[in-house]
Structure formats: C-alpha cells, structure tokens
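The values are calculated or read from the model by the stated rules, or taken from the named source; none is laboratory data. Please read all numbers here as calculations on a predicted model, not as lab measurements. Cβ placement follows ideal geometry from the backbone for every residue including glycine, while neighbour counts extend to all protein chains displayed.
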C-alpha cells in the first residue's frame, strides 16, 4: 500500500465475501488478528455481509467495516464506514459497484489530517440525525412507502407525500360537501313538506299511498247504494215501505193483535 502512494495510518479492508456462518467467524477473526499483528489493529478493516462485519466489530478484531447489501437480510450495521448498496454503474465500459458513506473519513488515502471541527460526540449526534432523516444506510425508511422510482422515502419525502395527500382529501371533501348541499336543496324543493322522523320515515311512502287511496274510497261511499236501499232497476224505490216489506215493529204488532 505504501508503494502505491498510500499512508501508514490508512486502513486496509480484508474481504470475507461470502455468507459466513458463526463457525466460520473463528477463522475470519484469526485472519484479522494476523493482519493486526503487522499493520496494527487500528488499521484493520473487514468487508462482507452484515453478520461477519457485525461479529468482527463486536469482538474487536476489526476497527473499520465495509458492508455489502448481499447476505445482510436488509440489515445495516450503524458502525460501518462504507455501504455497498447493490447498484451498478458503467464507467469506461466497466461495470462498477456503487458504494456510499456518511463519514468524512471512511479510510480514503487523501483524508484531511487537520483537527476536526466537531468532537466525536458531536459527529455521532449529527450522524444519528442524518440516519433518522434519510433512513438506515441513507436508503430511506421502508415504513414511509416508496416513491415513483420504487425507492424508500426519507422523512422529508414522506412528509411531502402526506401533505400532498391531505390536499387531495380536502378537495374531495369540498366536492362531497357541495354535492350534498345540492342534493339537499333538490329534496327540499321536490318534497315541500316535513318528513316523518326516523324510524317512521321508513313507512312514510307506503302509508301516504294508503291514505290517498282511503280518501278516494271515502269520496265514493255516498254514491254507493246500500243493500235493499236506493232505486231499483225499474225506477221504483226499494225502501221497505214502498216494496211492501213490514218493519220488525209492525210485524210484532200484528202478531199481538191476533
């Protein structure tokens, strides 16, 4: 590395580019211990999926970490310096993996050696704020849904989408209110009278129709002759006196006289 122009205080990332099991971690840690005996523990880095990277950081066998999205199950260790997100770009005809970082110093050779403007605590706090806004690995939050390109939304993206949806709902509600007002006005115009309260309103229609028919029937009753009364077919009266029929009182009197 020094012959290539690197510096003695820069890390080297040793690759565990496979889905390492906990049993295989023993050999990985031994390899990292061997590297530390030559270049110093502070310069030992590891590249791999979430599990071997996290185990090496937990065990202290690596100081730097470069995680790939492969073999990670969607997990991202917040301690990593570089994240390989699985995307690829073509540069001068060569396909290259895309890597991203939120660190000022991720192990690059030309890093500034001046005193940082922030304390480690302040840097950690700012990094935490950045993660909260942009999501783990700066890849957005799955809980906030995806954008038109299928990418997870950040907090700002999610807020903008929520505000846009609220405006759409306000427009829909205004349209519904206007339609409801028009329907109410039309019903008032058509009915022009008070309606029965619920639950009587359920039978208001049939009851009104029945009442109308009953009123018509009452109007016809005075013109309908009762049985044994009125004018007969020959134009003569069918009253009991005209037809020679005796009333119950006269029959009783005749019987008593005899």
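Would you confirm whether or not segment 106-115 contains a residue that is surrounded by 13 or more Cβ atoms within 10 Å (Cβ to Cβ), modelled with pLDDT under 90 and either closer than 24 Å to residue 10 by Cα or in the same structural domain as residue 31 (by TED's automatic domain parsing) (or both)?
The answer is yes, given that some residue of segment 106-115 is surrounded by 13 or more Cβ atoms within 10 Å (Cβ to Cβ), modelled with pLDDT under 90 and either closer than 24 Å to residue 10 by Cα or in the same structural domain as residue 31 (by TED's automatic domain parsing) (or both).
For segment 63-109, which positions are more than 32 Å from the chain's Cα centre (by Cα), assigned to a strand (DSSP E or B) and over 20 Å from residue 16 (Cβ atoms)?
Across segment 63-109, the qualifying residues are 89, 90, 91, 94, 95, 96.
Based on what the data block shows, is residue 67 at pLDDT 95 or above and more than 22 Å from residue 98 (Cβ to Cβ)?
No.
Quickly run through segment 12-52 and pick out the residues that are more than 42 Å from the chain's Cα centre (by Cα), loosely packed, with under 14 Cβ neighbours inside 10 Å and not in a helix (DSSP H, G or I).
40
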